[in-house]
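The structure appears right after this line, and notes come after that.
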């Protein structure tokens, strides 16, 4: 370990010699003499850095540079003053460049050694700039703004004795040509106007009296009633509208809310990694801290969401199977219902991202964080509608977090047909479910072993994360495919079957209570065990394969035990807290928040005209800000888009299929049929 926390030559030499005594002093002296001969006479000011670079090369170890030393090297990120590039004719571009030196350079040598530690460090031999290119040259017909960008960046790195070669000049913004409205933007405006008008009309009819809600002719219109949808949003989940046994799962809304906070925080970390910040070394150093290593492995808990999805699908189907047996047609209808449940809101978010999001602001990173995503979504939107975008090549910015919806939809298709099979042949339940989980675990282990991957999805170089996992095999082979997330979904289905078919009161079992209360700690222990794969000397390949095969499976098992204990009403202060009435509404908003929170995150950072600063405090602040704003924005989105279209679909299918209507949200006395036209005529006649 060549540690440069003090640039003093004596300290650095001693540190290297202590760590490499067994290597051989003769080779070390020969390399030092070679470095001394190569050192130009006019670089005395770089002597500490030069010596450090030479010794680190000899030691072939991890290079760690402190903040003082980093300040004497070219910054990874830099932004020209945004407000000074707003005159007529000014153009602001995002520029990537690679550093090089004509003569031997101690600075470049150190940057190369530092960047060679790819797991934990950015590629510091490349720099990323926001440049007002119109100040450095003219637009060229053939090369565009490349020559001007070359002049700008080269002038900035010349003080370090380096030169720059431009790699790309993208996402340019002109001060005198702001983003203009588009066809998709106008179409979205029309849609929003129509939805708002329907909501106002339906609410007005509903407010005339609750009897309007019973009027047969109004059932399609009243799907848009704000009054009705607000009642659905805020109703007490402990008083279920269908089966009384659903009241036992009311705590699932609290789990959803807390889980969503973890999802938002993980995306706060991600957006700091790929946005422009003034201290990228903060990101690099989290790979060496145990607490942050555990956070990097926290995506394992995403199995909790798959488990809840599998549980709700299986439990609702089993509860209704006595009156509505599971058939092939019902499986097809379940898939269509799931598509209708997810798609309208997801398409609305995509539409907003493409049409309106780029028009909401501006800044040096606006094109990088916002315009780029709008462009990518305009090319990929139909993959999202078909829920296959978890199999697309990585590196695009189009609502990447919604890969979960694609995987969940694919697992739902598999799950409903598995339920059809198991309902007819119950004896196959255990072997079929075990086969699915074992196959998924075996696939994960084999992929990690033969592709020589790290079993932690975020255990990738910050450079890969900066480019949204471009070219990442870990993400595409181990994390995104639906079959790799079978343990959570199948575990949720198994939990539903146990809860539905078991008459044993698990809350009275001593051993189950012990297991229930320790389940979250055991799941966290599996997560913490994965931190060893982030060390400088990770375990062998067979250990990585074994961990990859077991990590999601064990986390899913422990979380399903926790769910089963909560739903069996085992005593627990955590379960009591999760059943808090306020979580019922917050949990119901989780889907809206999941879709829009990344929009809020980008909107918060992209409008900043200065480099961001990564720290625990700034991340916590952004978590709170984005969470609060997301939930506020989710309320109108839920009332105007999500719930109305779900209720409209229910009105259509119940009318055609004659399904039994749900219990009303609120208890009301039987109402007489209300005819609005007849009431008006009678009042006119009386007058």
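The values are calculated or read from the model by the stated rules, or taken from the named source; none is laboratory data. Note that the structure is predicted; figures quoted are calculated from it, not measured. Backbone-built Cβ (ideal geometry, glycine too); neighbour counts: all protein chains shown.
Some notes on this structure:
- Residues located in segment 46-104, provided they are within 22 Å of residue 163 (Cβ to Cβ), in a strand (DSSP E or B) and modelled with pLDDT under 85: 65
- Any helices (runs of 4 or more DSSP H) falling wholly within segment 202-287 and containing at least 1 residues that are in contact with a strand residue (DSSP E or B) (Cβ under 8 Å, 6 or more places away or on another chain) and modelled with pLDDT of 85 or more: 252-274, 280-285
- Flag for residue 334 being touching a helix residue (DSSP H, G or I) at 6+ places or on another chain (Cβ under 6 Å) and either closer than 21 Å to residue 595 by Cα or not assigned by TED's automatic domain parsing to the domain that holds residue 380 (or both): no
Table: residues versus (1) in a helix (DSSP H, G or I); (2) touching a residue at least 24 places away in the same chain (Cβ under 8 Å); (3) under 19 Å from residue 476 (Cα atoms).
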position: 408; (1), (2), (3): yes, yes, yes
position: 413; (1), (2), (3): yes, yes, no
position: 419; (1), (2), (3): yes, yes, no
position: 428; (1), (2), (3): yes, no, no
position: 433; (1), (2), (3): yes, yes, no
position: 436; (1), (2), (3): yes, yes, no
position: 441; (1), (2), (3): yes, yes, yes
position: 449; (1), (2), (3): yes, yes, yes
position: 452; (1), (2), (3): no, yes, yes
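- Selection of first residues in segment 386-398 that are in contact (Cβ under 8 Å) with a residue 60 or more places away in the chain and of second residues that are part of a loop (DSSP other than H, G, I, E, B) and surrounded by fewer than 17 Cβ atoms within 10 Å (Cβ to Cβ), restricted to Cβ pairs under 8 Å at least 6 apart or on distinct chains, gives the following pairs, ordered by first then second residue: 394/470; 394/471; 395/467; 395/470; 395/471.
- Residues in segment 300-324 that are out of contact with any helix residue (DSSP H, G or I) (no Cβ under 8 Å at 6 or more places or on another chain) and surrounded by fewer than 16 Cβ atoms within 10 Å (Cβ to Cβ): 322, 323.
- Filter pass, residue 426 being out of contact with any helix residue (DSSP H, G or I) (no Cβ under 8 Å at 6 or more places or on another chain) and at pLDDT below 95: yes
- Verdict on residue 157 being in contact (Cβ under 8 Å) with a residue 40 or more places away in the chain and over 25 Å from residue 362 (Cβ atoms): yes
- Residue within segment 182-201 that is at positive phi and modelled with pLDDT under 80 present: no
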